[in-house]
Structure formats: C-alpha cells, structure tokens
1. Using Cβ counts within 10 Å as a stand-in for footprinting exposure, how do 280, 233 rank, fewest first?
2. With labels modelled as points extended 7 Å from the Cα through the Cβ direction, what inter-label distance (nm, one decimal) is found for residue 278 paired with residue 115?
3. Could you calculate the contour length gain from residue 93 to residue 223, that is, 0.36 nm times the residue separation minus the distance between their Cα atoms, to one decimal place in nm?
4. Show the residues, 5+ positions off or on another chain, whose built amide H is closer than 5 Å to the amide H of residue 190.
5. For the chain, what is the calculated [θ] at 222 nm in deg cm²/dmol (nearest 500), taking -39500 (n - 2.57) for each run of four or more DSSP H residues and dividing by its residue count?
6. In nm, to one decimal, how far is the residue 215 label point from the residue 161 one, both placed 7 Å along Cα→Cβ?
7. Suppose R0 equals 25 Å; then what is the FRET efficiency for residue 46 and residue 101 from their Cβ-Cβ distance, rounded to the nearest 0.05?
8. Could you line up 103, 209 from fewest to most neighbouring Cβ atoms inside 10 Å?
Amino acid sequence: MTDSLVNDLIYALAAPLRFGQAGVPSFAARGNGLFRSIDGGRTWQDAYQTLVTGPALVTSALALSPDFAHDRLVFAGVNGGVVHSKDGGQNWRTAVFPPPSPMVVSLVISPNFSEDDTLFAGTAEDGVFISTDGGVTWAAWNFGLLDLNVLCLVISPDFAHDETLYAGTSTGVFVSTNGGRAWREVELPADLVAVLSLAISPDFASDRMVFVGTEEHGLFRGSAGADQTEIDWQAIGTGLSDPINTLLLAPGFPEPPEVLALNGSQLCLSTDRGDTFQPWQRLNLPDDFEVMAAAAPHGFGPDAGVLVGGANGDVRVV
C-alpha cells in the first residue's frame with residue numbers, strides 16, 4: 001500500500017496470467033483514477049500521468065486483452081467513456097463515444113479479440129455500447145434492452161461461435177445471441193431483480209452454466225437452453241445473505257468447482273459449484289477492511305496470488 005491509495009474506493013482490479021512476475025503490470029480502478037503496479041501489487045503508481053484529463057477521472061471498470069502478454073492492451077471504463085493503452089498502461093488514448101458521454105461501469109472483451117477487435121461496455125444509464133475496431137470508436141446497441149441501467153456484463157468463452165452475452169441490469173437479466181445487435185429478457189425466479197454480478201462457465205459450450213448474483217434475492221445458477229432465454233434456474237449460495245457484488249469462477253471451472261463471491265464486503269468461497277459458501281479464511285485481513293473488488297488470475301489455491309481492493313483505497317495481495 002502507498003499513501004496515494006488511501007481514502008479512495010477501489011472499483012475494479014485486473015491482473016494478467018503472468019501476475020506476480022517482475023515487470024508484469026496489474027491495475028486498480030479507483031474513484032480518483034487508475035493505478036498500476038509492476039511488482040506484483042506491492043507498490044502502485046498513477047497510470048494516468050500521460051493522459052491529460054483535467055479533474056480526476058473516475059475509473060470503474062477494467063478489461064485486459066485475452067492476448068495481453070503479447071499485445072499489452074488494457075481498457076478502462078471511466079466517467080465519459082473508455083480509455084485504452086497499447087503498452088501495458090504507460091500511455092493512453094481516449095475513445096470516441098456518441099454524446100452524451102456515458103458512465104462506463106462494465107467492460108468485456110471478445111475471447112477472439114485478436115481477430116474480431118470486438119469489446120462491449122455496459123453503462124449506468126445508456127445501455128450497452130460495442131466497439132469493433134479495438135476500442136477506438138463505439139456505438140450503442142440496445143434493441144430489445146428494456147433497462148438501460150446495465151450493472152454488469154459477461155461474454156461467452158465461445159463467443160466466436162455462439163455470439164452470446166448476458167447483461168445484468170437494475171431489473172433483471174438480458175441475453176443477446178447475435179453479438180449484441182438485439183437483446184431479450186431472461187426470466188428469473190423473482191421479478192424486478194437488481195443483478196449486481198454475473199459469471200459464465202469457462203466450459204459454457206458444454207455445460208451451459210450461468211451464475212447470477214443479486215442485490216436482495218441471493219445467488220442463482222442456471223443451465224441455458226437452446227435459445228438461451230429459457231434457463232433452468234436453481235437458488236443456491238447457502239451462507240450468503242448480503243448483496244452479491246462480485247462473482248469469480250476458478251479458471252478451470254467446473255474442475256475445480258470453486259466460486260468466489262463478494263458477499264457485501266466479505267469474500268466467501270464455495271468448493272461445490274456455488275451450493276454453499278464460507279468466509280474465505282486465507283485472507284487474514286484487518287477486521288475493518290471492507291472488500292470492494294478482487295482479481296484472481298490463477299484461481300484461489302493457497303499459492304495463487306489474489307488482489308483485494310478495499311473501500312479505503314488499500315490494495316493487498318493475499
């Protein structure tokens with residue numbers, strides 16, 4: 001932790017697969033900008049030093065290219081749009097968004113990004129935007145999206161073939177099966193559900209598994225049918241009682257069958273595909289540490305470095 005990270009909420013964290021190796025950057029999005037570490041999260045520096053923005057640039061979403069080790073592309077959702085870097089966060093360019101400029105709160109990148117240059121941005125009041133030129137220009141794609149307050153996005157690992165995305169909004173879940181060009185509402189077990197987090201199985205092409213974390217109705221696990229709007233939902237998550245702000249699946253899920261949930265401000269771990277959760281004991285954080293974000297590029301094993309960000313701007317490696 002450094003003094004510059006104190007008293008500033010951490011909205012999102014991102015780290016590549018080589019996290020922990022010397023010189024490999026990781027990122028912390030915060031209310032006062034974006035910070036970058038190249039020593040495994042021990043020290044942090046302002047990543048926006050080369051970006052002239054005027055007032056502090058609120059940064060609330062992060063996404064790294066699937067081929068980050070080679071292309072060094074990182075995207076940050078900010079109050080006004082998206083900025084991106086082609087050199088691992090040293091220099092930045094702003095994107096062109098149609099007015100009025102949106103507040104970007106979620107970013108997802110096509111797993112086939114090296115070929116299709118496609119990524120999506122979820123915004124607080126303006127729905128979903130798509131870029132097909134690597135984040136340079138953006139357009140709103142909201143046909144059928146009845147709630148434009150998009151709180152989270154998730155993209156299918158098999159997007160190149162199924163073109164599937166899910167959007168969590170303040171009133172439920174919507175799905176697109178044509179790359180975001182049109183959306184349909186997904187029926188949930190409860191009406192008007194604020195969906196705070198989404199996760200999709202890395203083996204989605206086979207198991208069709210989707211997770212939905214809500215503000216007041218707990219956690220649901222679903223198996224998507226052929227048209228993806230008919231999903232067989234099951235209420236799971238015994239041990240979770242607060243809003244589920246983040247969901248992370250183990251990289252090899254469903255083997256191991258581990259799910260990490262941010263339950264209010266506490267991280268809880270499931271080892272049975274989300275059926276039951278317990279507070280994650282390995283954290284060893286102070287009692288007053290309010291967790292706001294986490295990144296686990298290597299999973300949740302005892303030797304896997306996990307980044308945890310707090311409400312006071314503190315970022316720790318556990």
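Each value in this text was obtained by applying a stated rule to the coordinates, not by laboratory testing. Please read these numbers as outputs of a predicted model, since none were measured by experiment. No Cβ is skipped: glycine too gets one built from the backbone with ideal geometry, and neighbour counts run over all protein chains shown.
1. Fewest to most other Cβ atoms nearby, the residues stand as 233, 280.
2. 4.4 nm
3. 42.9 nm is the gain from fully extending residue 93 to residue 223.
4. Residues meeting the criterion, in which the H sits 1.01 Å from N, do not exist here.
5. Computed ellipticity for the chain at 222 nm equals -500 deg cm²/dmol.
6. 3.8 nm
7. 0.65
8. 103, 209
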